[in-house]
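In what follows, a single structure is set out as structure tokens and then discussed.
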Amino acid sequence: MDIRKTRTPLLDSGEPEQKRTEILEYFHKTFDIDERLYETLRDNETFLLRADPLRHPLIFYYGHTATFFINKLTIARLLETRINPAFESMFAVGVDEMSWDDLDERHYDWPPPQAVKAYRDQVRELVDALIRRLPLSLPIGWENPFWAIMMAIEHERIHLETSSVLIRQLPIDQVVAHPFWEICPESGEPPENRLIAVEGGKISLGKPAGHPLYGWDNEYGLHQAEVTGFKAGQYLVSNREFLEFIEAGGYGNRSWWTEEGWSWRTFRQATHPLFWISRQDGSWGLRTMLSIIDLPWNWPVEVNQLEAKAFCNWKAEQTGLPIRLPSEDEWMHLHGLARVPDQPDWGQAPGNINLEQWSSPCPTDRFRFGDFYDIVGNVWQWTETPIYPFHGFAVHPWYDDFSTPTFDTRHNLIKGGSWISTGNEATAAARYAFRRHFFQHAGFRYIASASPVALYQDQYETDRLAAQYCEAHYGGEHFGVANYPATCTAICLEMMQGKSLGHALDLGCSVGRAAFELAKGGFARVTGLDFSTRFFRLAARMQEEGYLRYAFPEEGEIFSYHEVALSDLGLDAIRGRVGFFQADACNLPVKFTGYDLVLAANLIDRLYAPRAFLTGIHKRMNPGGILVISSPYTWQEEFTRKEEWLGGYKRDGENVTGLDGLEAALAPHFRRLGEARDIPFVLRETGRKFQHSIAQLTIWELR
């Protein structure tokens, strides 16, 4: 079985049993390629090395792709029992290089690779059985159980690429040659790059609902634009062409770099591309994933976006032309004019993509598309465009932190795929974005255009639900109802009188107001945890920058624009005592422990396993610690299976309430302090629509 030449399956046609076989084969091929990737690591110790100081060691990524299956299938309610809760917590989050990632190695006791391999085998067996037995009907859409399976498969294919970049950054003596990963043997001098005119035209981007291929949420919706004509480089920028920039003092002349780019260059003390090796005899070498070779001058250069941008600025000065990177609109327009066939309608991949050629780049004049070369494949191509949501964008509830963390103007789109891009990555609609200083198997093509680059994302949070919670936490009061997070924390601080104010946990912190209020109230440290990146990324931004901007939906397409600041609430001085992280309350990582206070506000009726949370939270608290729970007990099967509800049902003809369920679950370790309290809160949904709810707040002391 050739595991290289795979195609992401069509999800809207065919016979169900044939489709089941197709998805099962796609799953196993994906796992097989992933295993081949980690076979390149020399020994157990290599798994524990950090290839990049701001990334986890490779053992994390080895476990992460497997735990993703379990975590997402649990959220999609396809699994009721976990395989290894400790692994599924340890390997769950921390992939992207984000300021709220916790990379302190003291918090991790990494298992040996053999244990992770055994776990991966268990996951593989479980998912195999699930694919074989789940009812399957076509088409497979967002809510179909098989969408969750496809999500996990495509996620693993993404990590084939990102992990291969990390392996490429390991010391060369830590990797071993592997026959599966053979590189291109062709090298030489490149042809001279030249600019070719590209006529303008209209573009329409975005997948409609019901598109036949699996897609990530940022691919859906609609974006239309008029693209002005421009000139584009016939080839990707080669190593030889980039050498001219280096020899012109490119890494030493600040005038060609953006402020962000110069800060990165200074920090890294970069003098040439990361994968180039300067030899003592004056020659250059190139680090591929598993070897060091003489630098092939006709291969595309691989750089980050900041380096590509600096080259374009230098090239513009040298030529007197308005040289820059293409926007996403311009890149997609060029792609459309070239009539590039899309997956899965390939007889053979049209370029150096999908692992169908080599496990490395190849010469820039190897694959032709009309007048241009490498429209797709070889290396990803950086653009000028920070990723943004198309009109009609909606977050997929099973993976709400795939796209939204990147809608921050700091992540630029890469287009076209690389030699190792497979599955969804190798489709025309793919939209992947990375921080501008990030390294992928990425290079660039430059264009000449005097047209300004349209930036479609501003600094205002536009996710409607997130904006509503920004308003609820940091906006004004409505109908005389006091701010809910502030009210809850005032009660917490009242109950903590005479007790240690060491470390507090705001569990289900949303956008963070309560965590800041607890720190202001005297806690030395406050940790905010939320499962939704949609929310905690905003809390983290508030902690980092001291303010948030959001666009509030007033009526239809009419928005009001707001800026809220911690300084306006008297909360700015305590930012350093607050930290935010992503975590699953039903399966908390071991490091989250030792709390004098735990606040769980409006959390338990949104958990998939509230009893698991309630029966285990005492292990995370100090003796005599206080647990404060508030909830409107809005039990919905959308969030919690009915058998997991704490209340809201009848048993033996008698009503069982949420409070009854709390008492039953907490009684072995806690005693209740005082009577339950009713706490009203108001969530403004639009300019004229408000949701007025009443939560019940109870206070529990650890025995």
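The values are calculated or read from the model by the stated rules, or taken from the named source; none is laboratory data. As the structure is a computational prediction, the values presented were derived from the model and not from experiment. As a convention, Cβ positions derive from the backbone with ideal geometry for all residues, glycine included, and neighbour counts pool all protein chains shown.
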Counting just the residues of the range 541-558 that are surrounded by 24 or more Cβ atoms within 10 Å (Cβ to Cβ) and among the hydrophobic types (A, V, I, L, M, F, W, C), which one comes out farthest from L683 (Cα to Cα)?
M542
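To keep it simple, each residue is scored yes or no on (1) within 26 Å of the chain's Cα centre (by Cα); (2) under 25 Å from T698 (Cα atoms); (3) modelled with pLDDT under 90.
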{"residue": "A540", "(1), (2), (3)": "yes, no, no"}
{"residue": "Q543", "(1), (2), (3)": "yes, no, no"}
{"residue": "G570", "(1), (2), (3)": "no, no, no"}
{"residue": "R575", "(1), (2), (3)": "yes, no, no"}
{"residue": "Y595", "(1), (2), (3)": "no, yes, no"}
{"residue": "K619", "(1), (2), (3)": "no, yes, no"}
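When you go through T615, T634, T640 one by one, which is the residue that is in the same structural domain as F523 (by TED's automatic domain parsing), over 30 Å from H692 (Cβ atoms), modelled with pLDDT of 90 or more and touching a helix residue (DSSP H, G or I) at 6+ places or on another chain (Cβ under 8 Å)? Please lay out each step first, then the result.
Values: T634 fails: over 30 Å from H692 (Cβ atoms); T640 fails: over 30 Å from H692 (Cβ atoms).
Sole residue among the options that is in the same structural domain as F523 (by TED's automatic domain parsing), over 30 Å from H692 (Cβ atoms), modelled with pLDDT of 90 or more and touching a helix residue (DSSP H, G or I) at 6+ places or on another chain (Cβ under 8 Å): T615.
Taking into account only those residues within the range 560-571 that are touching a residue at least 40 places away in the same chain (Cβ under 8 Å) and not hydroxyl-bearing (S, T, Y), which is surrounded by the most Cβ atoms within 10 Å (Cβ to Cβ)? Please lay out each step first, then the result.
We begin by selecting, within the range 560-571, every residue touching a residue at least 40 places away in the same chain (Cβ under 8 Å); these are 560-562, 564, 566, 569-571.
After this cut, where a residue has to be not hydroxyl-bearing (S, T, Y) as well, the list is 562, 564, 566, 569-571.
Values: H562: 18, V564: 21, L566: 23, L569: 16, G570: 11, L571: 21.
Only one residue tops the list, namely L566.
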Within the range 468-483, identify whether any single residue is in a loop (DSSP other than H, G, I, E, B), over 22 Å from A394 (Cβ atoms) and of a type in the set (F, W, Y), and answer yes or no.
yes
So if I check each of F592, F639, which one is out of contact with any Phe, Trp or Tyr (no Cβ under 6 Å at 6 or more places or on another chain), under 21 Å from A466 (Cα atoms) and part of a loop (DSSP other than H, G, I, E, B)?
F639
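Do you know which of the residues in the range 492-532 that are on the phi < 0 side of the Ramachandran plot and of a type in the set (S, T, Y) is modelled with the lowest pLDDT? Working first, answer last.
Here is the first cut: in the range 492-532, the residues on the phi < 0 side of the Ramachandran plot are 492-497, 499-507, 509, 511, 513-521, 523-532.
When the remaining residues are screened for being of a type in the set (S, T, Y), the result is 500, 527, 532.
On the way: S500: 96, T527: 97, S532: 83.
Per the criteria, the residue is S532.
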From the list R254, R240, which one is surrounded by fewer than 18 Cβ atoms within 10 Å (Cβ to Cβ), of a type in the set (K, R) and more than 21 Å from A450 (Cβ to Cβ)?
R254
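Could you tell me how many of the residues in the range 279-308 are in a helix (DSSP H, G or I) and more than 22 Å from Y446 (Cβ to Cβ)? Full working, then the answer.
Keep residues of the range 279-308 that are in a helix (DSSP H, G or I), which gives 305-308.
Among the residues that remain, those that are also more than 22 Å from Y446 (Cβ to Cβ) are: none.
Number satisfying all stated conditions: 0.
Could you tell me whether G687 is crowded, with 18+ Cβ neighbours inside 10 Å, of a type outside the set (D, E, K, R) and not assigned by TED's automatic domain parsing to the domain that holds F87? Show your work before the answer.
Working: crowded, with 18+ Cβ neighbours inside 10 Å: no; of a type outside the set (D, E, K, R): yes; not assigned by TED's automatic domain parsing to the domain that holds F87: yes.
Spelling it out, it is not the case that G687 is crowded, with 18+ Cβ neighbours inside 10 Å, of a type outside the set (D, E, K, R) and not assigned by TED's automatic domain parsing to the domain that holds F87.
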When (1) in contact with a helix residue (DSSP H, G or I) (Cβ under 7 Å, 6 or more places away or on another chain); (2) at pLDDT below 95; (3) crowded, with 19+ Cβ neighbours inside 10 Å are applied to S99, the one that fails is (3)
Taking the conditions exactly as written (assigned to a strand (DSSP E or B), among the β-branched types (V, I, T), in contact (Cβ under 8 Å) with a residue 24 or more places away in the chain and in the same structural domain as H473 (by TED's automatic domain parsing)), does V628 satisfy them or not?
yes
Scan the range 252-259 and give yes if some residue there is of a type outside the set (D, E, K, R), assigned to a loop (DSSP other than H, G, I, E, B), closer than 23 Å to L413 by Cβ and within 28 Å of the chain's Cα centre (by Cα), otherwise no.
yes
Going by the conditions given, is F267 among the aromatic types (F, W, Y) and surrounded by fewer than 17 Cβ atoms within 10 Å (Cβ to Cβ)?
yes
Which numbered condition F69 misses (of (1) in contact with a strand residue (DSSP E or B) (Cβ under 6 Å, 6 or more places away or on another chain); (2) within 23 Å of D128 (Cα to Cα); (3) not aliphatic (A, V, I, L, M)):
(1)
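Yes/no matrix, rows are residues, columns are (1) among the charged types (D, E, K, R); (2) touching a residue at least 60 places away in the same chain (Cβ under 8 Å):
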residue: Q468; (1), (2): no, yes
residue: E471; (1), (2): yes, yes
residue: G476; (1), (2): no, no
residue: V481; (1), (2): no, yes
residue: C488; (1), (2): no, yes
residue: M496; (1), (2): no, yes
residue: A504; (1), (2): no, yes
residue: G512; (1), (2): no, yes
residue: A515; (1), (2): no, yes
Going through F311, F393 one at a time, which residue ends up being among the aromatic types (F, W, Y), in a loop (DSSP other than H, G, I, E, B) and in contact with a helix residue (DSSP H, G or I) (Cβ under 9 Å, 6 or more places away or on another chain)?
F393
Identify all residues within the range 118-149 that are closer than 28 Å to N44 by Cα, among the charged types (D, E, K, R) and either touching a residue at least 40 places away in the same chain (Cβ under 8 Å) or not in a helix (DSSP H, G or I) (or both); write none if there are none.
R120, R124, D128
Restrict the check to the range 221-228 and report whether at least one residue is of a type in the set (V, I, T), closer than 23 Å to A450 by Cα and in a strand (DSSP E or B).
yes
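Test V116 against the criterion of being modelled with pLDDT of 95 or more, buried (at least 17 other Cβ atoms within 10 Å of the Cβ) and touching a Gly at 6+ places or on another chain (Cβ under 6 Å), and give yes or no. Before you say what the answer is, go through the steps one by one.
On the way: modelled with pLDDT of 95 or more: yes; buried (at least 17 other Cβ atoms within 10 Å of the Cβ): yes; touching a Gly at 6+ places or on another chain (Cβ under 6 Å): yes.
When the stated conditions are applied, V116 passes them.
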For the range 343-362, check the following and say yes or no: at least one residue is in contact (Cβ under 8 Å) with a residue 12 or more places away in the chain, surrounded by 20 or more Cβ atoms within 10 Å (Cβ to Cβ), in contact with a strand residue (DSSP E or B) (Cβ under 6 Å, 6 or more places away or on another chain) and not in a loop (DSSP other than H, G, I, E, B).
no
Taking the range 596-611 as the region of interest, how many residues are under 21 Å from N483 (Cα atoms) and either in contact with a helix residue (DSSP H, G or I) (Cβ under 7 Å, 6 or more places away or on another chain) or of a type outside the set (D, E, K, R) (or both)?
8
Hey, L501 surrounded by fewer than 22 Cβ atoms within 10 Å (Cβ to Cβ) and of a type in the set (A, V, I, L, M, F, W, C) or not
yes
With the checklist (1) assigned to a helix (DSSP H, G or I); (2) touching a strand residue (DSSP E or B) at 6+ places or on another chain (Cβ under 6 Å) in hand, flag the one item A600 doesn't pass.
(1)
For residues that are among the charged types (D, E, K, R) and part of a strand (DSSP E or B), tally how many sit in the range 651-694.
7
Only one residue in G423, G377, G417 is under 30 Å from P296 (Cβ atoms) and touching a Lys or Arg at 6+ places or on another chain (Cβ under 9 Å). Which one?
G423
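Only residues that are touching an Asp or Glu at 6+ places or on another chain (Cβ under 9 Å) and in contact (Cβ under 8 Å) with a residue 40 or more places away in the chain: list them for the range 539-559, please. Spell out the reasoning first.
First, the residues of the range 539-559 that are touching an Asp or Glu at 6+ places or on another chain (Cβ under 9 Å): 539, 541, 546-553.
Within the range 539-559, A539, R541, L548, R549, Y550, A551, F552, P553 qualify.
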